[in-house]
Structure formats: structure tokens, C-alpha cells
1. Report yes if some residue within the stretch 235-246 is in a loop (DSSP other than H, G, I, E, B), closer than 19 Å to L291 by Cβ and not acidic (D, E); otherwise report no.
2. Suppose we filter the stretch 255-273 for residues that are small (G, A, S), in a loop (DSSP other than H, G, I, E, B) and buried (at least 21 other Cβ atoms within 10 Å of the Cβ); how many remain?
3. If you check Q252 against the conditions, is it in contact with a Ser or Thr (Cβ under 6 Å, 6 or more places away or on another chain), closer than 17 Å to D189 by Cβ, in a loop (DSSP other than H, G, I, E, B) and not hydroxyl-bearing (S, T, Y)?
4. Please go through the stretch 144-167 and pick out each residue that is out of contact with any strand residue (DSSP E or B) (no Cβ under 6 Å at 6 or more places or on another chain), crowded, with 18+ Cβ neighbours inside 10 Å and more than 14 Å from V107 (Cα to Cα).
5. Check E133, E141 and return the single one that is charged (D, E, K, R), part of a strand (DSSP E or B), under 13 Å from the mean Cα position of the chain (by Cα) and surrounded by fewer than 24 Cβ atoms within 10 Å (Cβ to Cβ).
6. Could you list all residues from the stretch 172-198 that are aliphatic (A, V, I, L, M) and either closer than 16 Å to S273 by Cα or assigned to a loop (DSSP other than H, G, I, E, B) (or both)?
7. Might you check whether a residue that is within 27 Å of Q113 (Cβ to Cβ), touching an Asp or Glu at 6+ places or on another chain (Cβ under 8 Å) and surrounded by fewer than 23 Cβ atoms within 10 Å (Cβ to Cβ) occurs anywhere in the stretch 197-218?
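FYI, it's all coordinate maths here, none of it is from the lab. Bear in mind the structure is a predicted one, so any value in this text is a computation, not a measurement. With ideal geometry, Cβ positions are generated from the backbone for all residues, glycine too; neighbour counts draw on all protein chains shown.
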Amino acid sequence: MVGRCIFVVIVGVAACSSTTSRVTEIADGGAGAPAGGTSGSSGNSTGGMAGETSSGGGSDGGASAGSSGSAGADGGQGGEPGDVIPTSGLVLWFDAERGIQSDGDAVVNWINQAGNGIDATQLVTSYQPTLIESAGKPALEFDGIDDLLELPAGFDDFSAGLSAFAVVVPNAVACMPVFQLSNGPETDDISLQTDENLQAEYEVLTAVAESASALQIGVPSQISALHQPPLAATLRVDGVSVGVNTSATLPQKVVRNLNAIGDGQYPGCQNWSGLIFEIILYDRALPAADLAQIEAYLREKWACCPP
């Protein structure tokens with residue numbers, strides 16, 4: 001369907017501390033860095049990747065002091081990702097409370113907590129989303145005009161299906177992607193988005209699973225998409241199935257080169273306007289128990305989106 005976009009959003013909580021280069025990392029007191037500090041300087045109070053198990057220092061200072069410096073600030077107790085969400089097939093995990101690198105409040109990098117190096121980046125100052133606090137939680141705010149984060153090429157194999165999750169707050173009634181993976185308009189596209197009526201959508205090529213009712217401006221929503229081989233695509237909003245497409249072919253096995261958070265390739269659609277808290281993507285169709293686990297985790301974490 002031309003002019004459609006698909007998006008996924010995920011939410012997180014964070015605290016900021018500046019480095020000498022004015023790049024700030026956000027962490028919720030999640031994983032700290034490994035023990036051992038840098039030579040003679042105290043550490044930043046930034047957490048590490050999810051799944052690192054240091055209970056001590058921040059990313060520079062470590063759990064103990066360096067050779068001549070003081071110990072870094074406490075990065076918090078880490079934990080294995082599998083204790084929070086399943087890790088098998090995990091491709092993207094963007095969490096607003098972890099892995100944010102910013103220049104002031106302008107987001108430069110969003111580090112993928114899946115640990116595979118597929119990070120989201122924006123080096124053009126005027127295109128950078130803004131790190132804000134919403135209801136006591138950190139979030140990335142996109143302006144609906146030109147804010148976006150770029151993802152590297154890849155995302156080529158969804159032969160085992162696809163599962164996507166996002167926590168977002170829309171601020172406009174428009175066709176706008178949460179995220180999109182493609183090679184151009186209606187070319188190898190995978191999109192989690194809203195349509196021109198603010199109805200949530202999951203789209204692959206021209207096949208769409210969408211909600212019958214619109215999301216609400218300014219209200220957090222949890223959007224989930226499950227694409228099961230060979231043809232079943234299901235869209236869920238706030239833990240409830242709201243749309244099914246039983247003729248949705250799985251995404252073609254091809255490298256996708258035009259990939260972004262907050263932007264897409266569909267004519268007539270705009271950049272995301274609103275907040276994104278968290279995005280999770282798997283390259284497999286999750287079983288019902290895992291689906292329920294992730295939706296419950298997001299609901300509890302962001303204190304939103306009851307079914």
C-alpha cells in the first residue's frame with residue numbers, strides 16, 4: 001500500500017552526566033562497567049550495556065580505582081538480558097534509559113542493547129532528536145519535520161518470522177513511522193507506524209495489519225507486531241490484538257540499506273512526531289509466552305498501556 005509506514009517504539013529511564021567532549025551517556029543505573037579504572041581519573045556515572053554484571057563502577061572508573069585515580073560512580077547492578085526479555089533472535093533493543101549518547105540534550109547515538117553493534121546514529125545537528133523527561137521517564141522526542149536516527153545496512157533475514165515492540169507517544173495525526181527498514185518506497189519495506197488517521201500499522205511491502213481505532217495524541221501506547229510464517233501478521237496495541245492479515249508474505253531475504261528510526265521512504269508520510277521510549281525487534285516469531293513476557297515488561301517499566 002503506497003504511502004504507508006510502520007513503526008515500533010520502546011521506552012526507558014535514564015540519568016545524564018557529561019564527558020569532556022560534551023557527549024552524555026544515559027543510564028538507569030543498569031549495568032556498570034567491568035572492574036578496573038582508567039589511569040588516574042574518576043569515572044562517569046554511566047551504566048554499560050544490559051547484561052554486564054558489574055555491581056560497581058561507571059564506564060570509566062570501574063568498580064575499583066585506577067592506578068592513581070578514584071573509583072567511578074556506581075553504575076548500578078547489572079543483569080543478564082535474558083532475565084528481562086528473551087535474547088534468542090534479538091536484533092534491536094533501544095531503551096531510552098540506557099545507551100543514549102548526546103551533545104547537551106541532542107541525541108547523537110542510541111546504543112543497541114542487543115550488543116551486536118547495530119546502533120542508531122545522527123551526526124547532523126539539525127536532525128538530532130531531543131532527550132527529554134516525560135512523567136519522570138526519559139524519552140526521545142522527534143519533531144515530525146526532519147528528526148531521525150539512521151541504522152546501518154542489514155536486516156536481511158526474517159525467514160523465521162518477525163516480532164516488534166514499541167512504546168510511543170504520538171503528537172500528530174499523520175502517517176509517520178516509528179521505524180522503517182527498506183530499500184526505497186514500497187521496496188523490501190518493513191514498517192511499524194501510524195497511518196494518516198493515527199491508526200497503528202505493521203506493513204510489509206503492500207500487506208498491512210492495522211488497528212480499527214486511532215491512537216490518542218499525547219497518550220503512551222504500546223505497539224506490537226507478530227509476523228508468523230508463512231502468511232500471518234498480527235498487530236497488537238496495549239497487549240490486545242487489534243488487526244490480523246492472513247495473506248502477508250514474510251519480508252524478502254535481502255539486505256536493506258535505507259533504515260531509520262523516526263523516518264521512512266513512503267511518499268506522503270512525515271517523520272515521527274512525538275516520543276519514543278523503547279524499541280525491540282526479533283528476527284523470529286515469538287511464542288505466546290515470550291510475547292506476553294515482553295508486553296508485561298514494557299507495561300510495568302513505563303507504567304502505561306494497560307490492556
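1. We begin by selecting, within the stretch 235-246, every residue in a loop (DSSP other than H, G, I, E, B); these are 238-239, 246.
Those left that are additionally closer than 19 Å to L291 by Cβ: 238-239, 246.
In the following step, the residues that additionally are not acidic (D, E) were identified as 239, 246.
Yes - at least one qualifying residue is present in the stretch 235-246.
2. Of the residues in the stretch 255-273, the ones small (G, A, S) are 260, 262, 264, 268, 273.
Still in the running and in a loop (DSSP other than H, G, I, E, B): 262, 264, 268.
Those still in the list that are buried (at least 21 other Cβ atoms within 10 Å of the Cβ) too: 262, 264.
So the answer is 2.
3. Working: in contact with a Ser or Thr (Cβ under 6 Å, 6 or more places away or on another chain): no; closer than 17 Å to D189 by Cβ: yes; in a loop (DSSP other than H, G, I, E, B): yes; not hydroxyl-bearing (S, T, Y): yes.
The answer is no for Q252.
4. Let us first name the residues in the stretch 144-167 that are out of contact with any strand residue (DSSP E or B) (no Cβ under 6 Å at 6 or more places or on another chain), namely 145-147, 152-154, 156-159.
Applying the additional criterion that residues be crowded, with 18+ Cβ neighbours inside 10 Å yields 147, 158.
The one that is out of contact with any strand residue (DSSP E or B) (no Cβ under 6 Å at 6 or more places or on another chain), crowded, with 18+ Cβ neighbours inside 10 Å and more than 14 Å from V107 (Cα to Cα): F158.
5. E141
6. Just the residues of the stretch 172-198 that are aliphatic (A, V, I, L, M), to begin with: 172-174, 176, 178, 181, 190, 192, 198.
Answer for the stretch 172-198, where residues must be aliphatic (A, V, I, L, M) and either closer than 16 Å to S273 by Cα or assigned to a loop (DSSP other than H, G, I, E, B) (or both): A172, V173, A174, M176, V178, L192, L198.
7. There is no residue in the stretch 197-218 that is within 27 Å of Q113 (Cβ to Cβ), touching an Asp or Glu at 6+ places or on another chain (Cβ under 8 Å) and surrounded by fewer than 23 Cβ atoms within 10 Å (Cβ to Cβ).
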